[in-house]
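We did not get these values from a lab; they are worked out from the coordinates using the rules stated. Note that the structure is predicted; figures quoted are calculated from it, not measured. Here the Cβ positions follow ideal geometry from the backbone for every residue, glycine too, while neighbour counts run over all protein chains shown.
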Amino acid sequence: MSSRESILAAVRRNRPEPTPLPPVADFGGEATVEQFAHWLHFIGGQVIRLAADQPLEDAIRQLFPDAGRVASDLMPSTVPVDQQTPTAVLEAVDVAVLRGELGVAENGAVWVPEANMLHRALPMIAQHLALVLDHENIVATMHQAYAAVQHTGNYGVFIAGPSKTADIEQSLVIGAHGARSLVVLLR
Amino acid sequence: MSHPQRAAAFTSDAERTTWHDETLWFVRQKRDKAVYAIPEFQQLRQLASDIKEHTLSRLDEYLEQFEQNARANGVQVHWAADAAEHNRIVLDIMRGVGATSLVKSKSMLTEECHLNPFLIKNGIAVVDTDLGERIVQLREEAPSHLVLPAIHLKKEDVGETFHVHLGTPKGEKDPQNLTEAARQHLREKFLIGQVAITGVNFAVAETGAVVVCTNEGNADLGVNLAQVHIACMGMEKLIPRTADLGVFTRLLARSATGQPVTTYTSHFAKPAEGRAMHIVIVDNGRTRQLGRPDFRNSLKCIRCGACMNTCPVYRRSGGHSYDFTVPGPIGAILSPNIDMRQHSTLPFASTLCGSCTDVCPVKIDIHAQLYKWRQIIAQEGELPASKKLGMKLLSTVLAHPGIYRFGGKIAREGLRLLPHGLTHAAAFNPWAKARELPEPPKQSFRDWYAEQVVKL
């Protein structure tokens, strides 16, 4: 008997009496820009409100005046990136400017599906990450976020703030392996 | 060595013990703040527990559904009955693609299976990429905590390790600079990694996706730069629906480190074009635990580590004193299922105060299970002689009122007359190692009560 069969047989032998699967309630909550900004700030990120007529590249230039290599499909970019881009090119990207689909007010997370990433590694390998988010696409909680996303697709990530670690004596250090900073630009 | 022996070695450095205790209590306090921010937190705990309970009651069906959906996504699914089979599967995948190097993100399962030494023995270069895991890997130690692998180390220790292995300046101990050195060092490894291994926090039956939660971004970097992704999961990681992730992602980071959510909550369902993804589903004793009604609840664990941060024994004895992949209270109820004789002292490494049960985000009755394992360990004759004799002696005394009264008198007189150095000698009275015995009362309650009756 294969391990698959023997494991499944053992589960059938040993599993407890059936219990019902509870429905997951929507607990409500505050789906406001203020809450979102509060929590994103709390976890080390930054929120900037774009003026209606302000071009994205202006905001990016102000935020990252020294960034030579910018990868983006939302504004003129200096490094073209797609899923075939070699690692060496990806590794040299200073800033990635990508679209976030959905913001979560209770924790500052932003849903970034594969389709928005140009390359799956780009949001993590770029030195800095900027996510452009429609302020109307903010939900209160993770429950509402998953309800809105529905299917998490081939690959997708909730990104909440910059990469961080506290593995050395519980001292918080921003910029572990992924992006050293995260800014959300609200439209 | 037993837990008390290893704990004694840890506590011999009083200053470090106090530091360890306070550091983990700090994490517990952060957890409290994060938890109190959600009014429905207690409802979420119940929901999480009920979802896991339901999943365990139909685990075979969810495993098959998960496998079917993962296969439809183009993922290869493997089943491993035990650690040895798991390790063989991983090695075969590596050899199949001619890979000789591997980047790993956090996976307690591969620690449980001792994958690293097995692969290294077979000529594979293995690099742990979580900062804490890399630190303990360079030091050739095991992680001492589920989510804070290097919590037993001070920054000076890490500085010394990095000086030796990464060439940081001697005496460098600033966490910012040390983390930057690790970032540079590990980036090189990410860029050349052929195969990436991740653990799995949640496996969603209805989509076949696996969800990995990290703060550093190492799992995503590793997977998305490598040709092959191997996700290794214990079979109890299953949850039925994507909607259930709403419950568990709200509980996990808040309970673990007091963050509102982990930095990266990554959903891997289908490999990128031209790349490959494998999932290894591991039993390794889990079906046995499922068959123990008193202990199957332990399979609900989401590995947050809250029970460790709150445990007065863990905080003062350190993760390594448990000598098991999963330390702390949860480890003390998981380990006897794996090897009762080897881990027979762990269920006793508890005051049964119940704090672990109170903070557990999936409502595992940890302290009740600790108590139950003690009964079984005693029945199986695994108690040390001192405990066995002590219990026998006590049951004789308590069953004979005359002996009890006589013993009480001896103790009251003895405590008054004998020198402190003798009544508190560690060799005769281990209880008094760090405690003072109470002032002996002049008379017993029984004598006092008899006097009152006469007065009436």
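What's the magnitude of the charge dipole for the protein assembly as shown around its Cα centre, counting Lys and Arg as +1 and Asp and Glu as -1 at the beta-carbon? Answer in Debye, nearest 20.
The calculated dipole for the protein assembly as shown is roughly 2400 debye.
Let me know the shape class of region B:386-455, please: from the alpha-carbon gyration tensor, a ≥ b ≥ c as square roots of the eigenvalues, rounded when a/c is under 1.5, otherwise prolate if a/b is greater than b/c, or oblate.
Oblate, because a/c is 1.5 or more while a/b does not exceed b/c.
Can you give the calculated 222 nm mean residue ellipticity of chain A, where each DSSP H run of n ≥ 4 adds -39,500 (n - 2.57) and the sum is split over every residue, rounded to the nearest 500 deg cm²/dmol?
Computed ellipticity for chain A at 222 nm equals -6500 deg cm²/dmol.
Identify, among A:TYR155, B:ALA182, B:SER255, the residue whose Cα sits farthest towards the positive end of the charge dipole of the protein assembly as shown, taking +1 on the Cβ of Lys and Arg and -1 on the Cβ of Asp and Glu, with the dipole about the Cα centre.
Of the listed residues, the answer is B:SER255.
Taking chain A as a Gaussian network, Cα atoms linked when under 10 Å apart, which of A:ALA145, A:ALA105, A:ALA176 shows the biggest mean-square fluctuation?
It is A:ALA176.
Less than 20 Å apart at the alpha-carbon level, and either on another chain or at least 8 residues along: which lysines does that give for B:LYS409?
Cα-Cα hits under 20 Å: B:LYS442.
Of the options B:CYS360, B:SER266, B:HIS320, report the single residue whose Cα projects farthest towards the positive end of the charge dipole of region B:256-371 (beta-carbon charges: Lys, Arg +1; Asp, Glu -1).
B:SER266
Taking only DSSP H segments of four or more residues, each worth -39500 (n - 2.57), what value at 222 nm results for chain B once the sum is divided by all its residues, to the nearest 500 deg cm²/dmol?
Helices in chain B give a 222 nm mean residue ellipticity of -16000 deg cm²/dmol.
Putting +1 on Lys and Arg Cβ atoms and -1 on Asp and Glu Cβ atoms, find which of B:LEU238, B:ASN73, B:VAL211 reaches farthest to the positive end of the dipole of the protein assembly as shown.
B:LEU238
Quick one: Cα centre-to-centre distance for region A:11-55 and region B:431-456, in angstrom?
Measuring centre to centre over Cα atoms gives 58 Å.
Apply the a/c threshold of 1.5 to the C-alpha gyration tensor of region A:28-186 and tell me whether it is rounded, prolate or oblate.
rounded
Which distance in Å, rounded to a whole number, links the C-alpha centroids of region B:277-307 and region B:339-365?
Computed from Cα coordinates, the inter-centre distance equals 15 Å.
Only four residue types carry charge here, +1 at the Cβ of Lys and Arg and -1 at the Cβ of Asp and Glu. Report the dipole size of chain B about the Cα centre in Debye, rounded to the nearest 20.
Charge dipole of chain B: 1200 debye, to the nearest 20.
Can you give the charge dipole size of region A:1-101 about its Cα centre, rounded to the nearest 20 debye, using +1 on the beta carbon of Lys and Arg and -1 on the beta carbon of Asp and Glu?
Dipole magnitude for region A:1-101 comes out near 680 debye.
Taking C-beta distances below 4.7 angstrom as the pairing criterion, name the unpartnered cysteines of the protein assembly as shown, in sequence order.
Within the protein assembly as shown, the cysteines lacking a partner Cβ under 4.7 Å are B:CYS113, B:CYS213, B:CYS232, B:CYS301, B:CYS304, B:CYS311, B:CYS353, B:CYS360.
Quick check on my link table: of B:LYS33/B:LYS155; B:LYS104/B:LYS300; A:LYS164/B:LYS106, which ones sit more than 20 Å apart, alpha carbon to alpha carbon?
Result: B:LYS33/B:LYS155; B:LYS104/B:LYS300 exceed 20 Å.
In degrees, nearest 10, range 0 to 90: what is the angle between the Cα axis of helix A:3-14 and the longest Cα principal axis of chain A?
That works out to roughly 60 degrees.
What shape does the protein assembly as shown have by the C-alpha gyration tensor, where a ≥ b ≥ c are the square roots of the eigenvalues, rounded means a/c under 1.5, and otherwise prolate means a/b greater than b/c and oblate the rest?
prolate
Find out how many positive minus negative residues lie around B:PRO117, taking Lys and Arg as positive, Asp and Glu as negative, among other residues whose Cβ is under 15 Å from that of B:PRO117.
Local charge sum for B:PRO117: -2.
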